[in-house]
Amino acid sequence: MPGPTRGFLGRTRPARDPRLPPGQYDVGADWPVLTAEPTPRISPETWSITVAGNVEAPTTWDWDGVHALPRSEYRGDIHCVTTWSKFDTQFAGVSLDALWDVARPTPEGRFVMATSKSGYTTNLPLEDLTGGKAWLVWEFDGRPLTVEHGGPVRLLVPHLYFWKSAKWVTKLDVLKRDQQGFWERNGYHDRGDPWRQQRYQGD
Amino acid sequence: MPARIVAPGPWTTATVSGVRRPLPRTVQLRLDVDGRVDHLPGQHYVVRLTAEDGYTAQRSYSVASAPSDPLLELFVERLDDGEVSTYLADVVEPGDTFEVRGPVGGWFAWDGETPALLVGGGTGVVPLVAMVRHARATGREELLRVAVSARTLAELPYADELQAAGAVVVTTREAHGIRPAGRLTAVDLLPLWEQGQTAFVCGSAGFARTAGDLLVGLGFAPSSVRVEQFGPSGS
């Protein structure tokens, strides 16, 4: 660890907020938009989510079908690899557990590739998407999720860096072996735990 | 062509070799980076600052220099509530050192060998300048078409270099040549369109979304439009 940077004071910090993982800052009321491709236009009427691959019952839910599942909410923090964190967010949708209960991953299915309408992909261990840790969401702060932020429906995996929470998600493929998604092929970490600063491959 | 480095190496030390403040609220830094690896034009670096009590802050900045430049050039907009950009803009002097890590990113990166349409707004032109410089250094200027937007010409970073490279310049708050003040339109981009181009769009979230929509409207496949955005959404 090198010494301090001459003349750098940083933000006034009476006490570091314990909710802030290392290397992150509190972005406050802002919610930066980061996407790698043009924003797709998806109407709820044509949107669907498919769970397939190593599952016993491959299943597709449309907008009404996913709304018929038990509503589930997330209240808490989100963390972007570009170093902003946002506290006390409120999302609503459905727990991914409700989808797994229907599709039933086989014992060999240990990883998931999430695919978006835009063609964006991201890979995650299945165990990060089970046990009440991950959602499909269509509401933010009580309003429909806007297209910039992944509406009509995005993945929400708040305990990992936010690029794992794929916007405009339409497919979850359960895989036996891990494959790299879009940012993961482009240098970013396969798991992305913000508390361990897993930002880039090799971290 | 430089190797395709997509995962950055370890943190290393950058020594400030030159500091210029070419426009209000901006700073252009020339850095001598220990063990520097050639970047691809379009990639960025992470800057990390450490306070006396061990507190650190890190932010990502696009590279403006070509890979063949022995120094690494960053061009940073000063954000009033930014703790890293205010330090870089207000405090840094030649001879100072801080930590950097990079190059980062394998998506918003030009290969230097295929046609590209570059569309930048404000300080979003910075990674595009690296592409223009690389094309000039390798004698491949014919591969690039450039359109840039700023409030006024005086507020456009690297305005002289971009105009010398033939960039279409759009100014939203003043007329530019025969073009009246106004936002980027499809009419500005249409003459720049060529078969086989990859489009690189960089700017604020609003600019990037508008430019991406214009390109898709012109017939670009969404998969051939690469977008880099910065700043809040305002919501």
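Assorted remarks:
- Some residue of region B:135-145 being out of contact with any Gly (no Cβ under 6 Å at 6 or more places or on another chain) and within 21 Å of A:E37 (Cβ to Cβ): yes
- Answer residue from region A:152-187, given it is under 24 Å from A:T46 (Cα atoms) and among the hydroxyl-bearing types (S, T, Y) and is farthest from the chain's Cα centre (by Cα) among those: A:T170
- Of all residues in region A:18-52, exactly one satisfies the criterion of being without any contact (Cβ under 8 Å) to a residue 24 or more places away in the chain and of a type in the set (S, T, Y), namely A:T46.
- Sub-7 Å Cβ pairs linking a first residue in region A:170-189 that is within 14 Å of another protein chain (Cβ to nearest Cβ) to a second residue that is among the aliphatic types (A, V, I, L, M), at least 6 apart or interchain, are A:G181/A:M113; A:F182/A:A36; A:N186/B:V6; A:G187/B:V6; A:G187/B:A7; A:G187/B:V104; A:Y188/A:V81, ordered by first then second residue.
- Any hit, region A:53-70, residues being in contact (Cβ under 8 Å) with a residue 24 or more places away in the chain and either under 28 Å from B:E228 (Cβ atoms) or within 14 Å of chain B (Cβ to nearest Cβ) (or both): no
- In summary, B:V91 fulfils each of the numbered conditions (1) more than 18 Å from the chain's Cα centre (by Cα); (2) buried (at least 19 other Cβ atoms within 10 Å of the Cβ) with the single exception of condition (2).
- Among all residues of region B:41-51, there is none that is in a strand (DSSP E or B) and free of Cβ contacts under 8 Å to residues at least 40 places away in the same chain.
- Residues of region A:114-148 classified as surrounded by fewer than 20 Cβ atoms within 10 Å (Cβ to Cβ) and among the hydrophobic types (A, V, I, L, M, F, W, C), total: 2
- With respect to (1) within 14 Å of another protein chain (Cβ to nearest Cβ); (2) at pLDDT 95 or above; (3) part of a loop (DSSP other than H, G, I, E, B), the lone exception for A:T89 is condition (3).
Every residue, every condition in (1) more than 14 Å from chain A (Cβ to nearest Cβ); (2) in contact with a strand residue (DSSP E or B) (Cβ under 8 Å, 6 or more places away or on another chain); (3) more than 30 Å from A:A15 (Cβ to Cβ), yes or no:
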{"site": "B:A14", "(1), (2), (3)": "no, yes, yes"}
{"site": "B:L31", "(1), (2), (3)": "no, yes, yes"}
{"site": "B:R36", "(1), (2), (3)": "yes, yes, yes"}
{"site": "B:L40", "(1), (2), (3)": "no, yes, yes"}
{"site": "B:Y45", "(1), (2), (3)": "no, yes, yes"}
{"site": "B:L49", "(1), (2), (3)": "no, yes, no"}
{"site": "B:D53", "(1), (2), (3)": "no, no, no"}
{"site": "B:S68", "(1), (2), (3)": "yes, no, yes"}
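- Output for region A:104-123, where each listed residue is in a loop (DSSP other than H, G, I, E, B) and farther than 24 Å from A:A68 by Cα: A:T106, A:P107, A:E108, A:G109, A:R110, A:S118, A:G119, A:Y120
Residues checked against (1) charged (D, E, K, R); (2) within 11 Å of another protein chain (Cβ to nearest Cβ):
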residue	(1), (2)
B:R133	yes, no
B:L144	no, no
B:L156	no, no
B:T172	no, no
B:P222	no, yes
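Matching residues to (1) out of contact with any Ser or Thr (no Cβ under 8 Å at 6 or more places or on another chain); (2) closer than 21 Å to B:A109 by Cβ:
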| position | (1), (2) |
| --- | --- |
| B:R173 | no, no |
| B:L184 | no, no |
| B:L192 | yes, yes |
| B:Q195 | yes, no |
| B:T198 | no, yes |
| B:F207 | no, yes |
| B:G212 | no, yes |
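- Residue within region B:18-36 that is over 20 Å from the mean Cα position of the chain (by Cα) and under 16 Å from B:S85 (Cα atoms) present: no
- Odd one out for B:S204, checked against (1) at pLDDT 95 or above; (2) within 22 Å of A:P40 (Cβ to Cβ): (1)
- Within region A:58-73, the set of residues being outside any helix (DSSP H, G or I) and surrounded by fewer than 19 Cβ atoms within 10 Å (Cβ to Cβ) comprises A:P58, A:T59, A:T60, A:D62, A:A68, A:L69, A:P70, A:R71, A:S72, A:E73.
- Residue within region B:52-68 that is in contact (Cβ under 8 Å) with a residue 12 or more places away in the chain, in contact with a Gly (Cβ under 7 Å, 6 or more places away or on another chain), closer than 21 Å to B:Y158 by Cβ and not in a loop (DSSP other than H, G, I, E, B) present: no
The values are calculated or read from the model by the stated rules, or taken from the named source; none is laboratory data. Everything numeric here is computed off the predicted structure, so don't read it as measured data. So basically every Cβ, Gly included, is an ideal-geometry build from the backbone, and we count neighbours across all protein chains shown.
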